[in-house]
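Trainee: Pasting a structure below so you can have a look.
The values are calculated or read from the model by the stated rules, or taken from the named source; none is laboratory data. If you're wondering where the values come from, they're calculated on a predicted model, not measured in any experiment. Note that each Cβ is placed from the backbone with ideal geometry, even for glycine, and that neighbours are counted across all protein chains shown. Side chains included, ligands, DNA and RNA excluded: accessible areas come from the protein's heavy atoms. Shrake-Rupley method; radii C 1.70, N 1.55, O 1.52, S 1.80 Å.
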Amino acid sequence: MPLRKSTEQIAMMRRAGRVVAEMLEVAAAAARPGASSADLDSAARGVLDRRGARSSFLGYHGFPAVVCVSPNEVVIHGIPGQRVLEEGDIVSIDGGAIVEGWHADAAVTVGVGEVDQASGRLIEATRDALAAATRRAVPDSRLGDLGEACEAVVEAAGLAVVRDYTGHGIGTAMHEEPQVPNFGRAGRGARLRAGMVLAIEPMVVAGGATVMELADGWTVVTRDRSRSAHFEHTVAITESGPEVLTAP
Ligand code: MG
């Protein structure tokens with residue numbers, strides 16, 4: 001049974017969510033042509049330090065950074081390093097923070113300088129898919145309602161959802177029950193209740209949806225090396241509707 005959080009606990013997660021939003025904002029601003037992916041990590045670390053928060057990612061199964069930085073063909077879990085961002089690239093930035101033991105987790109994809117139309121549409125459709133799923137994050141809806149809403153937006157844009165990775169419950173651990181698939185059928189799956197908090201995170205590809213993990217044990221790329229976008233928010237299900245805890 002997925003854990004339900006109290007109003008006080010959700011308030012704590014909201015504090016973590018604000019830190020995450022700021023981390024992503026600062027890291028996205030650093031995503032300029034000529035910057036390395038490690039530069040984005042440094043920018044995000046500065047926010048954690050200033051806010052006195054801990055990283056959800058650093059040390060997670062040995063992950064060496066506070067954000068995942070995933071350019072172009074990298075879907076998720078890119079390790080910040082020496083890769084230099086170029087004009088026209090797109091880059092996904094995923095980060096998490098812990099405040100008083102409570103986690104929040106979010107991701108954005110941004111263009112580096114000017115991007116081509118297809119990349120712009122990919123980014124926009126992925127953001128819209130997250131918004132569509134989030135609107136279904138209300139008491140008594142089912143996980144399949146979120147998945148179907150997400151996939152409908154993606155398919156209408158002529159794109160595809162990555163099925164190998166899902167969103168997740170979140171709380172005192174970054175990954176809690178339930179898994180939150182980005183596809184599904186309305187009316188199916190676990191029923192949502194007020195107090196549940198979900199990290200909803202569509203990963204969308206412009207080409208084939210087959211993905212593979214590189215030899216570093218982290219980096220997930222599209223097999224055909226087509227581009228991918230990723231958006232994520234930590235969303236609390238409340239009686240008055242979905243509350244995005246990681247809103248900028
Ligand atoms: Mg996540």
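Trainee: For region 7-239, what is one quarter of the convex hull surface built on the Cα atoms, given in nm²?
Mentor: 11.4
Trainee: Quick one: if you stick a label point 7 Å off each Cα along the C-beta vector at residue 87 and residue 172, how many nm between them?
Mentor: So the label points at residue 87 and residue 172 sit 5.2 nm apart.
Trainee: Oh, and also: Can you give the convex hull volume per residue for the Cα atoms of region 115-197, as a whole number of Å³?
Mentor: In region 115-197, the Cα convex hull volume per residue is 96 Å³.
Trainee: What residue among 215, 196, 103 has its Cα farthest toward the positive end of the dipole of the chain, where the charges are +1 on Lys, Arg and -1 on Asp, Glu, each on the Cβ?
Mentor: 196
Trainee: May I pose another question? State the percentage of accessible surface on the chain attributable to carbon and sulfur atoms; use a 1.4 Å probe and exclude ligands, DNA and RNA.
Mentor: On the way: 5080 of 10500 Å².
Answer for the chain is 48 percent, counting heavy atoms of protein chains only.
Trainee: Anyone know which of 196, 13, 23 comes out most mobile in the 10 Å Cα GNM of the chain?
Mentor: 196
Trainee: Something else about it: Let me spell out the model: positive unit charges on the Cβ of Lys and Arg, negative unit charges on the Cβ of Asp and Glu, origin at the Cα centre of region 1-84. What dipole size does that give, in debye rounded to 20?
Mentor: Taking the Cα centre of region 1-84 as origin, the dipole is about 340 debye.
Trainee: Another one. So if I place +1 on the C-beta of Lys and Arg and -1 on the C-beta of Asp and Glu, and nothing else carries charge, what would the dipole magnitude of region 49-116 be about its Cα centre? I want it in debye, nearest 20.
Mentor: My answer is approximately 460 debye.
Trainee: What is the pair-distance distribution P(r) of region 141-248, computed from all Cα-Cα distances in 5 Å bins starting at 0, with each bin given as a whole percent?
Mentor: Per 5 Å bin, starting at zero, the Cα-Cα P(r) for region 141-248 comes out as 2, 12, 20, 23, 19, 13, 8, 2, 0, 0 percent.
Trainee: Once you put a point 7 Å from the Cα of residue 58 and another 7 Å from the Cα of residue 156, both along the Cβ direction, what distance in nm separates them?
Mentor: 4.2
Trainee: Efficiency by 1/(1 + (r/R0)^6): what FRET value for residue 239 and residue 190, r their Cβ-Cβ distance, R0 = 22 Å, to the nearest 0.05?
Mentor: 0.75
Trainee: Could you tell me how far the Cα centroid of region 181-247 sits from the Cα centroid of region 151-173, in Å?
Mentor: 3
Trainee: Counting Lys and Arg as +1 and Asp and Glu as -1, each charge on the Cβ, what is the dipole of the chain about the Cα centre in debye, to the nearest 20?
Mentor: The calculation lands at about 620 debye.
Trainee: If you count only protein heavy atoms with a 1.4 Å probe, what accessible area per residue comes out for region 126-174, rounded to a whole Å²?
Mentor: Working: 1910 Å² over 49 residues.
Normalised by residue count, the accessible surface of region 126-174 is 39 Å².
Trainee: Of the options 138, 23, 85, report the single residue whose Cα projects farthest towards the positive end of the charge dipole of region 7-239 (beta-carbon charges: Lys, Arg +1; Asp, Glu -1).
Mentor: 138
Trainee: Given a 10 angstrom Cα cut-off, can you work out which residue in 199, 28, 104 is the most mobile in a GNM of the chain?
Mentor: So, out of 199, 28, 104, the one fluctuating most is 28.
Trainee: Give the Rg/Rh ratio for region 19-99, taking Rg as the radius of gyration of the Cα atoms and Rh as the Kirkwood radius, to two decimals.
Mentor: 0.95
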